[in-house]
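Since the structure comes first, as structure tokens, the remarks are kept for the end.
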Amino acid sequence: MSSYVPAIPPDVFREPPAALAFLRHVFAVAGAEIRKLRHDPLELLSRAVQPTLWLVVFGQVMARLRGVPTGRLTYLAFMAPGILAQSVLFIAIFYGIATIWERDLGILHKLLVSPATRTALVLGKALSAGVRALSQAIIVYALAVLMRIDVNFHPANVVGVLVLVIMGSALFSMFSVVMACLVKTRERFMGIGQILTMPLFFASNAIYPISLMPDWLRLLSAINPLTYQVDALRALMVNGGTSALGLGTDFGVLLLGTALFVGLAAKLYPQMVT
């Protein structure tokens, strides 16, 4: 008595499409990075300190001056999106230090010999940095509600804010990784990171409008990605907020900047082990 064994289609043994494999590697790297938060849950709480100080202390004092032209917005409503962008920047700009630690611990060597492409590796890290930064959005939204800022909770606006947070964090974290690949030591990286953080913040529209800036600072603001992130956040996060530069321009600049630094990071990433 013979038994029938169905033929197995040859497609079963084929490798997954390149695009699917690429996405699988990206999410695998991002998932591994995000799971690190379980070992340091206090990190999320410590991140609440800085935006709280800026909004509760600096914001309350500046709101009393009434000398900053913020249009229809109160100064606190004008400032809240800028503080969210600032919080994301301050965290993401030091993301590259993790790359140096991974090299020193030998983890980077293992990543580079994995089947994942260099682009998938750095894009996964950029995505993880963006997801980790979402905690800042929750913190700033909560502070805004407590301070009676007129926040826009329309689902489309909230989704737009979260996308902007992820994009901004991905952009500046990859900028940080590029710096780490170039300087290669923790001491040099920390010095450069501290030098760049405050100029990026103050050369943006985070705490005052561009109209108050001198011409030379307006030029720096125009090439500063943080300016475009703040502009879009202000339009989406608070009622009465508008985009002075255009939401299409804001998202386009952030997307282009992220793609640029992901490409640079992917190219320079192998140099960390040489």
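The values are calculated or read from the model by the stated rules, or taken from the named source; none is laboratory data. Quick caveat: nothing in here was measured; it's all calculated off a predicted structure. A quick note on method: Cβ atoms are made from the backbone with ideal geometry, for glycine too, and the neighbour counts reach across all protein chains shown.
Observations on the model:
- Counting only helices (runs of 4 or more DSSP H) that fall entirely inside the stretch 18-61 and contain at least 3 residues that are at pLDDT below 80 and not aliphatic (A, V, I, L, M), no element qualifies.
- Restricting the stretch 67-95 to residues that are in a helix (DSSP H, G or I) and touching a Phe, Trp or Tyr at 6+ places or on another chain (Cβ under 6 Å) leaves a set whose member that is farthest from L254 (Cα to Cα) is I83.
- Checking A232 against (1) under 28 Å from I149 (Cβ atoms); (2) surrounded by fewer than 19 Cβ atoms within 10 Å (Cβ to Cβ); (3) at pLDDT 95 or above, the condition it does not meet: (2)
- Scan of the stretch 99-127 for residues that are within 21 Å of M190 (Cα to Cα) and touching a Ser or Thr at 6+ places or on another chain (Cβ under 9 Å), ordered by number: T99, I100, L108, K125, A126
- Residue selection: F153 satisfies the criterion of being modelled with pLDDT of 90 or more, over 15 Å from G59 (Cβ atoms) and part of a loop (DSSP other than H, G, I, E, B).
- Residues in the stretch 222-245 that are in a helix (DSSP H, G or I), of a type in the set (G, A, S), touching a helix residue (DSSP H, G or I) at 6+ places or on another chain (Cβ under 7 Å) and free of Cβ contacts under 8 Å to residues at least 60 places away in the same chain: A235 alone.
- Leading residue by the ranking (surrounded by the most Cβ atoms within 10 Å (Cβ to Cβ)) among those in the stretch 180-229 that are of a type in the set (S, T, N, Q), within 29 Å of P270 (Cα to Cα) and under 16 Å from the mean Cα position of the chain (by Cα): N224
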